[in-house]
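Here is the structure we will look at.
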Amino acid sequence: MSDQQTAGEAGWNLDNSYARLPESFYTRMKPSPVRAPKLTILNEPVAAMLGLNADALRTDAALAVFAGNEVPEGAAPLAQAYAGHQFGYFNMLGDGRALLISEQITPEGERFDIQLKGSGPTPYSRSGDGRAALGPMLREYIISEAMHALGIPTTRSLAVVTTGQSIIRESELQGAILTRVAASHLRVGTFQYAAAKGHVDELRELADYTTRRHYAEIANDENRYLALLQEVIKRQASLIANWMLVGFIHGVMNTDNMAISGETIDYGPCAFMDVYSLDTVFSSIDREARYAYGNQPKIAVWNLARFAETLLPLLHSDEEQAVKLAEEALGKFAELYHGHWLAGMRAKLGLFGEEAEDEKLIEELLRLMQQQGADYTNTFRALTFGRLDEIVMSCSADFAAWLELWQSRLGRQTESPEASHQLMRSSNPAVIPRNHRVEEALAAAEQRGDFSVMEELLTVLSNPFAHSPEQEAYAELPSQNGRPYRTYCGT
Ligand code: AMP
Ligand code: MG
């Protein structure tokens, strides 16, 4: 059987729309072959969503595709060009270790990028080796799947293969390649690249392409470029609110890591917060805490301002007018974001309707959580199930006062306590991918070739609102100095 036939059986239905953009946006090239690839994990639900046959994806022919040793029939692989502000500094970047293999058209007619990450050097690699290590690729797989299960827009992961080749970092690590699936890999940085090149025609082509691909409903708007900016702002406001509501810290909100589609992209030093604190930072290279938890909405606006700048020549022929339109659009972010956040927080507290004092009630709870070092996820989980003894600040007088206010607010609504409980159950996850659990799964996979720990974690994370008994253990915090983390009144 030829590879092409087998690839056909897998169900690839490919198109290459990005490759029809002007040539400056990419470099056509194939992935670099690897010696001894092995499939470590395959995402069957994602395969099904793409219209791919999971059995065929477990064959050697499909492995060759995931490893970059073959490309499926009809694919036109390329490395995408893009720029970006990294920690505030502008750089020309581009896919230094990734390749857009092609775009899969699903049976529903949706289009998804199929990208290999870790597939070898490209003209944009600068001094990098173009490769990725197993740990970080599995990490991206776990956290992106957890985000999806939480209902937050995100890129997905179809497969991770090891390459059979080691890569050199601080130590020697197993090389791996992630097959990433995304609505697209268009980034704020893609627009920055086009703007930096200075060809307005190409910028317009990019904007039109983006609109067709992600915002078809505005394609005929009078000022469709302004509409594009407004829609991107809307999706980001919703996305960042979602992150904040689950305690997700992206870690590297560089403009090349902000997707125009509104999906979460690039799971590098990201993490979910344990103890609630606005200052939480996970990235060790983020020394100035630019991307701390509480800064994320501000950084999103900053990134969106960089996006708006790139669109200025398209917004209006008069620069002053263009700037005015961009500023007006950016000025809406705060309100949009706040609306999503407030609605989400009300749901987390089981509140229906709106009362003027709701925001104060929410802020006071968060203040107490921060002051007393309460775990973010577990506090809301405990409130959902009335397990107040599990809440760190349960013996504080301020908390008792808060509880009274919350309960009287609940008492004033006409919805039943059961409806309120259901709202909380479906708004407060039982589990998040806690760092120590993720690390444990990665260590088993990397050190012992044991993927069962990760599989189990993925199962638990796949239904975060189930509140099932098996999830209990995964809600626990890491022990500190051998003692369980949980603290009770009087201890
Ligand atoms: P990332 O955080 O993986 O998106 O990386 C930021 C930029 O550096 C991207 O443009 C990557 O393509 C590039 N990059 C990261 N790691 C490597 C590597 N090992 N080799 C080449 N380029 C890389
Ligand atoms: Mg990136």
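Going by the conditions given, is Arg212 at pLDDT 95 or above and away from ligand 2 (no atom under 16 Å from the Cβ)? Outline the logic, then answer.
Details: at pLDDT 95 or above: yes; away from ligand 2 (no atom under 16 Å from the Cβ): yes.
For Arg212, the condition - at pLDDT 95 or above and away from ligand 2 (no atom under 16 Å from the Cβ) - is met.
Name the residue, out of Ala300, Ala322, Ala305, that is open to solvent by less than 50 Å² (accessible area, probe 1.4 Å), touching a residue at least 60 places away in the same chain (Cβ under 8 Å) and in a helix (DSSP H, G or I). Steps first, please.
On the way: Ala322 fails: touching a residue at least 60 places away in the same chain (Cβ under 8 Å); Ala305 fails: touching a residue at least 60 places away in the same chain (Cβ under 8 Å).
Checking each option against the conditions leaves just Ala300.
Where in segment 31-116 are there strands (runs of 3 or more DSSP E), lying fully within it, with 1 or more residues that are basic (Lys, Arg)? Give the steps one after another, and end with the answer.
Details: elements: 38-42, 78-80, 83-86, 89-92, 98-105.
Where strands (runs of 3 or more DSSP E) fall fully within segment 31-116 and carry at least 1 residues being basic (Lys, Arg), they are 38-42.
Within segment 242-264, residues that are of a type in the set (S, T, N, Q) reach partners that are open to solvent by 10 Å² or more (accessible area, probe 1.4 Å) and within 11 Å of ligand 2 (Cβ to nearest atom) with beta carbons closer than 6 Å, at six or more positions or on different chains, in the pairs Asn254/Gln86; Asn257/Asp266.
Only residues that are away from ligand 1 (no atom under 11 Å from the Cβ) and surrounded by fewer than 22 Cβ atoms within 10 Å (Cβ to Cβ): list them for segment 131-140, please. Write out each step before concluding.
In the first step, residues of segment 131-140 are kept if they are away from ligand 1 (no atom under 11 Å from the Cβ); the result is 134-135, 138-139.
Within segment 131-140, Gly135 is the sole residue that qualifies.
Asp389 falls short of the stated requirement of being surrounded by 13 or more Cβ atoms within 10 Å (Cβ to Cβ), over 28 Å from the mean Cα position of the chain (by Cα) and part of a helix (DSSP H, G or I). In this structure, Leu178 does not satisfy being modelled with pLDDT of 95 or more, surrounded by fewer than 24 Cβ atoms within 10 Å (Cβ to Cβ) and within 24 Å of Ser32 (Cβ to Cβ).
Which one is nearest to ligand 2 (Cβ to nearest atom) among residues in segment 113-130 that are open to solvent by 30 Å² or more (accessible area, probe 1.4 Å) and in contact (Cβ under 8 Å) with a residue 40 or more places away in the chain? Steps first, answer last, please.
The first filter runs over segment 113-130 and keeps only residues open to solvent by 30 Å² or more (accessible area, probe 1.4 Å), leaving 121, 123-124, 126-129.
Narrowing the set further to residues that are in contact (Cβ under 8 Å) with a residue 40 or more places away in the chain leaves 121, 123-124.
On the way: Pro121: 16, Pro123: 17, Tyr124: 12 Å.
Looking at residues that are open to solvent by 30 Å² or more (accessible area, probe 1.4 Å) and in contact (Cβ under 8 Å) with a residue 40 or more places away in the chain, I get Tyr124.
Looking at Gln80, is it over 16 Å from Arg156 (Cα atoms), open to solvent by 10 Å² or more (accessible area, probe 1.4 Å), of a type in the set (S, T, N, Q) and within 14 Å of ligand 2 (Cβ to nearest atom)?
Values: over 16 Å from Arg156 (Cα atoms): yes; open to solvent by 10 Å² or more (accessible area, probe 1.4 Å): no; of a type in the set (S, T, N, Q): yes; within 14 Å of ligand 2 (Cβ to nearest atom): yes.
It is false that Gln80 is over 16 Å from Arg156 (Cα atoms), open to solvent by 10 Å² or more (accessible area, probe 1.4 Å), of a type in the set (S, T, N, Q) and within 14 Å of ligand 2 (Cβ to nearest atom).
For segment 86-112, give me each residue that is within 16 Å of ligand 1 (Cβ to nearest atom) and crowded, with 20+ Cβ neighbours inside 10 Å.
Of the residues in segment 86-112, the ones within 16 Å of ligand 1 (Cβ to nearest atom) are 86-101.
Passing the criteria: Leu93, Gly94, Asp95, Arg97, Ala98, Leu99, Leu100, Ile101.
Each residue in segment 256-279 was checked for being assigned to a strand (DSSP E or B) and either open to solvent by 20 Å² or more (accessible area, probe 1.4 Å) or within 15 Å of ligand 2 (Cβ to nearest atom) (or both), and 4 of them qualify.
May I ask you to verify whether Leu173 is farther than 30 Å from Ala48 by Cα, of a type outside the set (Lys, Arg) and assigned to a helix (DSSP H, G or I)? In short, no.
A quick yes/no check of all residues on (1) crowded, with 19+ Cβ neighbours inside 10 Å; (2) in a helix (DSSP H, G or I); (3) modelled with pLDDT under 95:
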| position | (1), (2), (3) |
| --- | --- |
| Thr377 | yes, yes, no |
| Leu383 | yes, yes, no |
| Glu418 | no, yes, no |
| Ala441 | yes, yes, no |
| Asp450 | no, no, no |
| His467 | no, no, no |
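Taken together, the criteria exclude Ser32 from residues that are at negative phi and away from ligand 1 (no atom under 16 Å from the Cβ). Selection of segment 425-439 for residues being open to solvent by less than 10 Å² (accessible area, probe 1.4 Å) and not in a loop (DSSP other than H, G, I, E, B) yields only Val438.
Is one or more of the residues making up segment 228-236 open to solvent by 10 Å² or more (accessible area, probe 1.4 Å) and within 16 Å of ligand 2 (Cβ to nearest atom)? If you could, list the steps in order and put the result at the bottom.
Restricting attention to segment 228-236, the residues satisfying the condition of being open to solvent by 10 Å² or more (accessible area, probe 1.4 Å) are 230-231, 234-235.
Applying the additional criterion that residues be within 16 Å of ligand 2 (Cβ to nearest atom) yields none.
No: segment 228-236 contains no residue that is open to solvent by 10 Å² or more (accessible area, probe 1.4 Å) and within 16 Å of ligand 2 (Cβ to nearest atom).
The values are calculated or read from the model by the stated rules, or taken from the named source; none is laboratory data. Since the model is a prediction, treat every value here as computed from it, not as a measurement. We place every Cβ from the backbone using ideal geometry, glycine too, and count neighbours over all the protein chains shown. Areas reflect the complete protein model, heavy atoms only, side chains present, ligands, DNA and RNA absent. Shrake-Rupley method; radii C 1.70, N 1.55, O 1.52, S 1.80 Å.
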